[in-house]
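The structure appears below as structure tokens.
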Amino acid sequence: MFAHWGLALLGAIVLGGFVSGCRRARPPMEPAVAIRAGWEQFRLGEFGQARKNFETAAAAAPQGSPEHLAALYGLATTWNLQRPGEDPAQAERLYRELIARDATNDLAAWSWLALARMKSLPVAGETPPLEPQVQAYQEALERFPFHPAGEEAFLCQQAARLDQPDETRTREALNALKTFLRTHPQSPWRSAAYALAGHCCAILGLKEERLEAALQAWKTAETDPADPSQDLSWIYWQIATLAEFEVGDFDMAREYYRKLIAEYPTEQRVFLAKQELKRMDELEAQIREEEP
Amino acid sequence: MSARHPTAGARRPLDAALGFVRRHFALLFVLAVFLWSALAILLYRQAGMPPGAKIQLRIAHWQLEGGVRQAFDRMAEEYRKLHPEVAIVQDAIPEGVYGTWLTTQLMGGTASDMIEIGLGVPYNVQLGYLSRYFLPLTPYVNAPNPYNRGTPLAGLPWRKTYKDGMRNSYVEELQQYLTVPLAQFGIRIFYNRDLLRRLTGLDEAPREYRAFLRACETIRAQRDENGRPYTPIASSAYHAGMWDGFMCQPLTYGAVRRVDFNRDGAVGNDELYVGFKTGRIGFDFGPYQARFRMLRQLTAQFQTGFTGLGRDEAVFLFAQQRAVFISTGTWDAGSLLEQARGVFDVGIMDFPAPAADDPEFGAFMEGPVYERPAAGFRFGIARSCKHPEAALDFLRFLGSQRGNQELNAIIGWIPAIEGASVSPLVRAFEPHLEGVFGAMPVDSLGGETSIRWQQLFALFQVNQIDYERMVAQYEPFYLERGAEELAEAIRNRRRSVARDEQFLAGVRELAMSASGAEAASRWIKYRQLTTGRLLARHLGTALLKKRLDEGRAANAVGPYEFSPDVIARVRERIRAQRKERP
């Protein structure tokens, strides 16, 4: 009798386990919801789940609709950037499919940039050949010269040139950056462009221009009031040291060292900054003594 | 018809039951253990609930040192006076199992509500945990802490009430503040005041290096009643780095002026290698030699075989009054004082520094030692927390000026909040916010040179080889192997580009899907990150490589030296000024 009850009890437990383990049928996910979930999973590094979400969205959204394009873009980006398990061929196919469906779409611009960036990804830590990178960025920026993706492609192109610097390439990059700054007065990338121009000047030994570029990079830098982590101490330090050691403009050096000391009193470079203020005073005093 | 025993009917169900138990013993045992565990967990969780409490919050940490648990209990009590409905229970987990415990609890969905972060799992895993299992706190740290009402910090964003601006709580990879720090830490020297007085006649330990060494020599020359010599400094493999870091490495600060090629205010291991390779700096550099001379003088005051000893052995030597000095962090201060209570008087002092006119080291010691103000003892709120608003409120209470002061006063640590008064005991631990720092990262370029350095440095520490022999064996190896290790380090940096692109793709999508002010903010963030991580990332490396390819430049102008051209310009300007204003 007990044996029967016992077995019945065990059976009930096992059955309960089975039933509770069964997955309930879920209603199909809306494409927009699936895309959002896909990116959430992408950011968490759950790439398999991200792909499933994007595939669900791509299947559910009407062909060529904004949701469909967004799903294709998400899927392509996941195949492109997931590690391990990336599939560049699949990613490229999807980016090109998106571009073919709507060549003027915002996401088409970002897809062109992504296709170019794929050419820049180092293989086994080695820099890929420069020319294919330059050409790929050129394709993106010619199609979207005033789109954020096109502007980013332009800057990536110059950074690629400066990654393997020689004088000719550096001059090319500097001229291109100067043209960009002239033709894109409203671009939010101006600060980055000035920073790259400053780097060109460092390579070419153009001291005054380098300092001017650093100053402009600071003046055009975007500040986000909502971002609490903004730190300008490095920029102050850079301008001050360039003014002191490259150009000999001690007044400017003093101004920026003092800004650093006042605004970032616990920064590691404060002690060095105070030492430099003293050294400049000493050098000037010494020269005054020497001068008749 | 068979005759039946009168009791047979009653025995049959019993036999059947026993038979069932015998047949299914293993299964029943598992079931019983499961039920017992479930009941035990339920009762354990209920036991922490005082009468009247409706919300129970659990706080987990690994600080088993004296004072921490008492401090949390006390603060929980204080908090209950304000919020009778909330009860706080601690989960104090030993360090050794913290990582495993954390992982299983988070994955099982049974984690404590507030969890200390920073131990037990590698950083990349920690990042994953923070993003999956912890609540972002950015909006809250940007808002004032209500518990600061009535103090000078009222109305300030919470993060700005921290001495370090909550710098360590911001996780750049996730673009969020995720933890609330509750204390600062520091390292100083403890000394046995009674023993020092008895052996040297000094009431206070000398702060000047030479006087300190003299006191050590005096201590070393004396013996106890059993004829055993005293040890001036109790040290171990754990403690030796503190003496090196606070006294010897700062002597190398001058290397910044020679090889900080990118002028970021610090010497990187790649910069130092290029400096060595191009002849701009070497082991014959005065400050580098000075570091090792001082280290030799200090290790001579440690007990024999200190490199083979652990932390506890050094503490034991000190507690047994066989040694006068020991270096220690604030985290150990409470325990050490507890051991000394009623036995001997303990003094706390800063690390001794050479005087400016010290013939050997004075020229190289350019200032006090810089200590970055960084708050630790950081707590996050688990996503599984059923009452996140209550957990946040408790952390606000602990992270307020008054709360933080009280918490740290009980533990004996340094408060993390501005204006919170420091107990006299730990006043000596307050960080120096201005000063010099080490600039000799000769041991971290790559795997092989690092191991070689560790081997030779260990022999130097125990006086088996002198500086000259150490350098003779290491320098050629460093110069030769370093080239490949530098190239590999550069390749490793490039390998991480894919990871950066992945991160930026996620940030870009957040910007694309946002609207209004939030979109503007996110796009700015995206551009800043893209500039730093993709556009400018390899530029410095390219310049450094160029410098390396250019070969030896032993007499080149250093990055912080005035070139003849700069001096001429300054001279020109001064002349022009004189002409204008004679």
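For the range B:232-254, the count of residues that are surrounded by fewer than 23 Cβ atoms within 10 Å (Cβ to Cβ), at pLDDT 95 or above, assigned by TED's automatic domain parsing to the domain that holds residue B:199 and farther than 30 Å from residue B:336 by Cβ is nonzero. For the range A:224-237, indicate whether the set of residues that are within 7 Å of chain B (Cβ to nearest Cβ) and at pLDDT 95 or above is non-empty. Among the residues of the range A:224-237, at least one is within 7 Å of chain B (Cβ to nearest Cβ) and at pLDDT 95 or above, which makes the answer yes. Residue count for the range B:378-414 satisfying the condition of being more than 28 Å from residue A:272 (Cβ to Cβ), outside any helix (DSSP H, G or I) and modelled with pLDDT under 95: 2. Write out, first by first residue and then by second, each pair whose Cβ atoms fall under 7 Å of each other, whose residues are 6+ apart or on separate chains, and whose first residue, in the range A:191-212, is within 11 Å of chain B (Cβ to nearest Cβ) and crowded, with 20+ Cβ neighbours inside 10 Å while the second is aromatic (Phe, Trp, Tyr) and in a helix (DSSP H, G or I). Note: pairs meeting the criteria are A:193/A:180.
Taking residues in the range B:355-374 that are in contact (Cβ under 8 Å) with a residue 40 or more places away in the chain and assigned by TED's automatic domain parsing to the domain that holds residue B:298, and partners anywhere that are acidic (Asp, Glu) and surrounded by fewer than 17 Cβ atoms within 10 Å (Cβ to Cβ), the pairs with Cβ atoms closer than 6 Å and at least 6 places apart or on different chains are B:355/B:208. Within the range B:41-52, is even one residue surrounded by fewer than 13 Cβ atoms within 10 Å (Cβ to Cβ) and modelled with pLDDT of 85 or more? There is no residue in the range B:41-52 that is surrounded by fewer than 13 Cβ atoms within 10 Å (Cβ to Cβ) and modelled with pLDDT of 85 or more. Here B:537, B:573 are screened, and the one residue that is closer than 30 Å to residue A:44 by Cα and within 11 Å of another protein chain (Cβ to nearest Cβ) is B:537.
With the requirement that a residue be under 23 Å from residue B:266 (Cβ atoms) and either facing another protein chain (nearest Cβ under 8 Å) or outside any helix (DSSP H, G or I) (or both), what does the range A:248-291 give you? Within the range A:248-291, A:264, A:265, A:266, A:267, A:268, A:269, A:270, A:271, A:272, A:274, A:275, A:276 qualify.
A search for C-beta distances below 9 Å between a residue of the range B:151-169 that is without any contact (Cβ under 8 Å) to a residue 60 or more places away in the chain and any residue that is part of a strand (DSSP E or B), counting only pairs 6+ apart in sequence or on different chains, returns B:154/B:144; B:155/B:144; B:156/B:144; B:157/B:144; B:159/B:170; B:159/B:177. Considering B:556, B:568, B:542, B:517, the condition of being at the interface with another protein chain (Cβ under 7 Å from one of its Cβ atoms) and either closer than 16 Å to residue B:276 by Cα or not aromatic (Phe, Trp, Tyr) (or both) is satisfied by B:542 alone. Scanning the range B:276-286 for residues that are under 23 Å from residue B:369 (Cβ atoms) and either buried (at least 23 other Cβ atoms within 10 Å of the Cβ) or within 14 Å of chain A (Cβ to nearest Cβ) (or both) yields one hit, B:281. Residue A:117 meets each of the listed conditions (1) under 22 Å from residue A:90 (Cα atoms); (2) without any contact (Cβ under 8 Å) to a residue 12 or more places away in the chain apart from (2). Listed by position, the helices (runs of 4 or more DSSP H) inside the range B:464-582 whose residues that are surrounded by 15 or more Cβ atoms within 10 Å (Cβ to Cβ), touching a Lys or Arg at 6+ places or on another chain (Cβ under 6 Å) and not assigned by TED's automatic domain parsing to the domain that holds residue B:278 number at least 3 are B:497-513. Taken over the range A:145-187, the residue count meeting the criterion of being aromatic (Phe, Trp, Tyr) and buried (at least 22 other Cβ atoms within 10 Å of the Cβ) is 1.
The values are calculated or read from the model by the stated rules, or taken from the named source; none is laboratory data. Just so you know, these numbers come straight off a predicted model, no measurement behind them. Using ideal geometry, Cβ is built from the backbone for each residue, glycine included, and neighbour counts are taken over all protein chains shown.
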